[in-house]
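Read through the structure below, which is laid out as C-alpha coordinates, and then see the notes.
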Amino acid sequence: MISQLTADQLATMLPGLSSGMIPKMEACLAAVRGGVPAAHVLDGRVPHSVLLELVTDEGIGTMVVPGVKS
(Lines give C-alpha, C1' and ligand atoms only; values in the text may rest on other atoms or scores of the structure.)
Protein backbone atom coordinates (compact mmCIF):
# COMPACT_ATOMS: atom_id res chain seq x y z
CA MET A 1 0.00 0.00 0.00
CA ILE A 2 1.16 3.53 -0.77
CA SER A 3 0.32 6.10 1.89
CA GLN A 4 0.51 9.24 -0.29
CA LEU A 5 0.64 10.04 -4.01
CA THR A 6 0.60 13.22 -6.03
CA ALA A 7 -1.89 13.56 -8.87
CA ASP A 8 0.92 13.26 -11.42
CA GLN A 9 2.27 10.09 -9.80
CA LEU A 10 -1.21 8.58 -9.78
CA ALA A 11 -1.86 9.50 -13.42
CA THR A 12 1.35 7.70 -14.39
CA MET A 13 0.51 4.50 -12.53
CA LEU A 14 -3.26 4.47 -13.24
CA PRO A 15 -3.11 2.19 -16.34
CA GLY A 16 -1.25 -0.50 -14.36
CA LEU A 17 -3.71 -0.68 -11.45
CA SER A 18 -6.10 -3.57 -10.95
CA SER A 19 -9.50 -3.07 -12.55
CA GLY A 20 -11.27 -2.63 -9.21
CA MET A 21 -8.97 0.20 -8.14
CA ILE A 22 -9.15 2.19 -11.38
CA PRO A 23 -12.58 3.82 -10.78
CA LYS A 24 -11.65 4.72 -7.20
CA MET A 25 -8.35 6.27 -8.16
CA GLU A 26 -9.86 8.05 -11.19
CA ALA A 27 -12.35 9.66 -8.79
CA CYS A 28 -9.51 10.77 -6.50
CA LEU A 29 -7.59 12.15 -9.45
CA ALA A 30 -10.61 14.11 -10.70
CA ALA A 31 -11.25 15.46 -7.21
CA VAL A 32 -7.75 16.80 -6.58
CA ARG A 33 -7.45 18.17 -10.10
CA GLY A 34 -10.80 19.86 -9.50
CA GLY A 35 -9.55 21.69 -6.42
CA VAL A 36 -10.05 19.32 -3.49
CA PRO A 37 -6.99 19.56 -1.19
CA ALA A 38 -6.74 15.77 -0.71
CA ALA A 39 -8.70 12.61 -1.49
CA HIS A 40 -8.44 9.36 0.45
CA VAL A 41 -9.07 5.72 -0.51
CA LEU A 42 -9.85 3.50 2.48
CA ASP A 43 -10.91 -0.06 3.16
CA GLY A 44 -14.43 0.43 4.47
CA ARG A 45 -14.39 -3.03 6.07
CA VAL A 46 -11.92 -1.79 8.70
CA PRO A 47 -13.77 -0.46 11.75
CA HIS A 48 -13.39 3.31 12.15
CA SER A 49 -11.30 3.54 8.95
CA VAL A 50 -12.19 7.20 8.36
CA LEU A 51 -11.10 8.21 11.85
CA LEU A 52 -7.92 6.16 11.60
CA GLU A 53 -7.00 7.80 8.30
CA LEU A 54 -7.77 11.35 9.32
CA VAL A 55 -6.63 11.57 12.93
CA THR A 56 -3.58 9.31 13.09
CA ASP A 57 -0.13 10.07 11.73
CA GLU A 58 0.14 6.65 10.07
CA GLY A 59 -3.25 6.53 8.39
CA ILE A 60 -4.54 3.29 6.89
CA GLY A 61 -5.31 4.20 3.30
CA THR A 62 -3.90 6.13 0.37
CA MET A 63 -4.08 9.92 0.19
CA VAL A 64 -3.92 11.65 -3.19
CA VAL A 65 -2.77 15.28 -3.18
CA PRO A 66 -2.45 17.77 -6.03
CA GLY A 67 1.33 17.95 -5.82
CA VAL A 68 3.90 20.67 -5.51
CA LYS A 69 3.11 23.92 -7.29
CA SER A 70 6.05 25.67 -8.92
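Of the listed values (i) 128; (ii) 74; (iii) 95, grab the one calculated as volume of the Cα convex hull per residue in Å³ from the structure here. Read-out from the structure maps to (iii). Which GluC sites (Glu not before Pro) in region 22-60 pass both tests, a DSSP loop state and at most 16 other beta-carbon atoms within 10 Å? Hits after loop and neighbour filter: Glu58. For region 8-70, which trypsin sites (Lys or Arg not before Pro) are both in a DSSP coil and crowded by at most 11 other Cβ atoms within 10 Å? Here the trypsin sites (Lys or Arg not before Pro) that fit, given the DSSP loop and packing criteria, are Arg45, Lys69.
Think of a 1.4 Å ball rolled over the protein heavy atoms: the chain then has 69 Å² of accessible area per residue.
Rolling a 1.4 angstrom probe over the chain with all protein chains present gives an accessible area of which 60% lies on carbon and sulfur atoms.
The values are calculated or read from the model by the stated rules, or taken from the named source; none is laboratory data. Keep in mind that this is a model prediction, so the values were computed, not measured. Because the Cβ atoms are built from the backbone with ideal geometry, glycine has one as well, and the counts that use them run over all protein chains shown. Accessible surface is based on the protein model in full, side chains and every heavy atom, while ligands, DNA and RNA are left aside. Shrake-Rupley method; radii C 1.70, N 1.55, O 1.52, S 1.80 Å.
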